[in-house]
Amino acid sequence: MTSRLRFWLKALENGAASLNSAAGWFASAVLVLGVAAGVVVPVVTHVSHWLTAVIILGIILIAALEGSYRLWAATDRERIAALDSARQRPSEVTPSHGDRLRLGVHWLRDSLEGGRPLFYGGEEDADMWRRALIQHFPGLQVVQDRALAKDTAIVALKDRLHAEAAAAAMDMPPWTAKEFLPWLTRTIAARARKNILGSDYNFRWNPWESGALDIGTPMFGLRPDSTQVLQDSGQDADDLRKRMEEFEAFFRKAESSPEAAAVRQAWDELAEMGIQQLAAAENTDPITSRCFLCDGSNQRTVS
């Protein structure tokens, strides 16, 4: 009952306020015209009490109706605005989808800190989760760009090593360039990441009686943890020693190349920016951000 009374009082107040300006203009017009015609006083003094009551009640009724309409219109505008806001506001992601996003960020940070290629998940859906993570955490786009720059620098290093090997005639037998060039690229890139380019390196040479030459530690006559540098060639110990020195000089020259320095710089930039962005993303709950998996049919199966 109290709420109804407050409603009607509010309606009368709004109606009276809205009609006030219109009534003021009307009364002013009546006064001006009445005075000009000399009929204002006679008309007012000869109105009956019943007619006065009817006029007052009519004014109250009009004010109540106008105020009610204005209250309804204001409420309707608020309702429409709330619906529009709800449509534009993204809904929360499912708990399983949020857990997978946080796990992806953790994998990214772990792979970056370990100096490995950025890891998003299984190879079959790595690109899908890469896109989803960037849409939920736009700041990770910087990590992507820096990782691409690092990969590009490593490719340039690999190309430089192939060119240098060809120039030194190390791309033909007895050298096994197909074996040692990928190892060289990985090793120099890893040393660049650790900022130890140019420092001493233990090659762990393993010459074979057949004249073959490996880097690494063979086990039980096999080569699971070694890389072949020279194939079986029947060379003696002195020849193998010269080959070792030649390869070590090639290694040192490669580490002092501009391409190796570029890999080092790319790793620095990636680690500096990437770890910061990943740390921020790992501590951000993606409850309201959206990605193509959230809005698409894929969410029913992978979210």
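The values are calculated or read from the model by the stated rules, or taken from the named source; none is laboratory data. What you see is a predicted model, and the numbers here were worked out from it, not measured in a lab. Because the Cβ atoms are built from the backbone with ideal geometry, glycine has one as well, and the counts that use them run over all protein chains shown.
Restricting attention to the stretch 175-183, does a residue exist that is among the hydrophobic types (A, V, I, L, M, F, W, C) and closer than 18 Å to Ala266 by Cβ? Break it down stepwise before answering.
Initial filter on the stretch 175-183 (among the hydrophobic types (A, V, I, L, M, F, W, C)): 175, 177, 180-181, 183.
After this cut, where a residue has to be closer than 18 Å to Ala266 by Cβ as well, the list is none.
Taking every residue of the stretch 175-183 in turn, none turns out to be among the hydrophobic types (A, V, I, L, M, F, W, C) and closer than 18 Å to Ala266 by Cβ.
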Failed item, numbered, when Gln235 is tested on (1) closer than 25 Å to Ala254 by Cα; (2) at pLDDT below 80: (1)
